[in-house]
Amino acid sequence: MLKTRVITALILLAILLPILYFGYFPAFAMAVLVFFAAGAWECFRLFKSPRPTVWALVWTLVFSVILFFSGLPSVRALYVLCVLLWALRFVPALGLGLPRIEAFGNRLLNGTYMLSILGCFVAIVDLFQHSPLYLLSVMAVVWVADIGAYFSGKGFGRHKLAPTISPGKSWEGAIGGWLAVLVISAAVAMSMSGGETFQYHLFNRWGWGGFVGILSLMVVASVVGDLFESQLKRRAGMKDSSNLLPGHGGVLDRIDALIPVLPLAALVDLWLAAS
């Protein structure tokens, strides 16, 4: 399993790193479109849609029109909608539970979650157009939080964060991930080469208060995104969202924590540009 996981990661890196390094938008857009199509298909499978491939193609067509034909229109409203969906619908579902598969509420939740995935991928394109490094600096917040939570949870985890949804997560792990994000982000923001990063712009415009507040909110959002997808998989009786990435599961398994974070970060970026 570890060998398969490493091989898959190396193949993905061999494809994605040159695209990010050279910043060639058409190649980047095609890669994003492929991952979006895969994530959409997985989403409809998690909600037990009778025609996941058809619906995934419909949403991919919508995203491709936005991506290749209309450019990015004014996306502030989409980002705001995504943030509100997470705050008002998906977060409460962690405590209240999910609707039954056969209920109309399940189809409605499917559509709103798919909309949040669309917002995530639009934000990916939006942040990439700022610069590839800027996009990576936002994604790194989630990656650092995840790695920090893993090691903190292994070493100090005692109190379960959400035992009925994801028994392996602990409050100690979440706090460790949060601290890791703050420490590493502060180092990036204060470094000589940090000028093209989200962390640098956040600190430069809003100081330590805004820096800590926004990054803390992003860490919370990443945990919520991870838990919500785990809740969907548990209800569907699925260990992974798919087997498209051998050793890693599916696309949604890799981006679940990014889905609420990226629209939030892109919205903050718009505020930073206007301030």
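The values are calculated or read from the model by the stated rules, or taken from the named source; none is laboratory data. None of the values given here were measured: they were computed from a predicted structure. Virtual Cβ from ideal backbone geometry, glycine too; neighbours counted across all protein chains shown. Areas reflect the complete protein model, heavy atoms only, side chains present, ligands, DNA and RNA absent. Shrake-Rupley method; radii C 1.70, N 1.55, O 1.52, S 1.80 Å.
Lysine pairs in the chain whose alpha-carbon atoms fall under 17 angstrom of each other, counting only those eight or more residues apart or on distinct chains, come to 6.
Modelled this way, with points 7 Å down the Cα-to-C-beta line, the labels at W171 and Y150 are 2.5 nm from one another.
Taking label points 7 Å from Cα along the Cα-to-Cβ direction, V65 and W143 give a separation of 3.4 nm.
Using the Cβ-Cβ distance between R89 and W271 with R0 = 30 Å, the FRET efficiency computed as 1/(1 + (r/R0)^6) comes to roughly 0.85. Of all complete DSSP H helices in the chain, those with a Cα span along the helix axis of 20 Å or greater and a mean Kyte-Doolittle hydropathy of -1.0 or more are 2-22, 25-46, 104-130, 132-156, 171-190, 198-236, 258-274. Semi-axes of the equivalent ellipsoid for region 146-224, please: Cα gyration tensor eigenvalues, times 5, square-rooted, ordered largest first, whole Å. So the equivalent ellipsoid measures 28, 12, 9 Å along its semi-axes. Computed over the chain, the per-residue total of -39500 (n - 2.57) for DSSP H runs of n ≥ 4 gives a 222 nm mean residue ellipticity of -25500 deg cm²/dmol, rounded to 500. If you bin all the Cα-Cα distances of region 1-274 at 5 Å, starting from zero, the percentages per bin are 1, 6, 12, 16, 19, 19, 14, 9, 3, 1, 0, 0.
Within region 24-49, list the residues whose amide N lies under 18 Å from a label point set 7 Å along Cα→Cβ of D240. Counting only backbone N, you get 35-47. Counting only protein heavy atoms and a 1.4 Å probe, region 1-274 has 49 square angstrom of accessible area per residue.
Against the criterion of solvent-accessible heavy-atom surface with a 1.4 angstrom probe, T197, T112, T53 sort, most first, into T53, T112, T197.
In percent, rounded to a whole number, the relative contact order of the chain is 25, using alpha-carbon pairs under 8 Å and six or more apart. Shape call for region 171-275 from the C-alpha gyration tensor, a ≥ b ≥ c root eigenvalues: rounded (a/c under 1.5), prolate (a/b greater than b/c) or oblate? It comes out prolate by the Cα gyration axes. Amide hydrogen proximity for S170: with H placed 1.01 Å from N in the peptide plane, the residues at 5 or more positions away or on another chain lying under 5 Å are L161.
What Kirkwood hydrodynamic radius do you get for region 1-144 when you take the inverse of the mean 1/r over all pairs of distinct Cα atoms, in Å?
Working: mean 1/r = 0.0594 Å⁻¹.
Here the Kirkwood hydrodynamic radius works out to 16.8 Å.
Rg/Rh for region 93-188: what does it come to with C-alpha atoms and Rh from Kirkwood?
Details: Rg = 17.1 Å, Rh = 15.8 Å.
Here Rg/Rh amounts to 1.08.
Nonpolar atom fraction for the chain, defined as the carbon and sulfur part of the 1.4 Å probe accessible area, stands at 71 percent.
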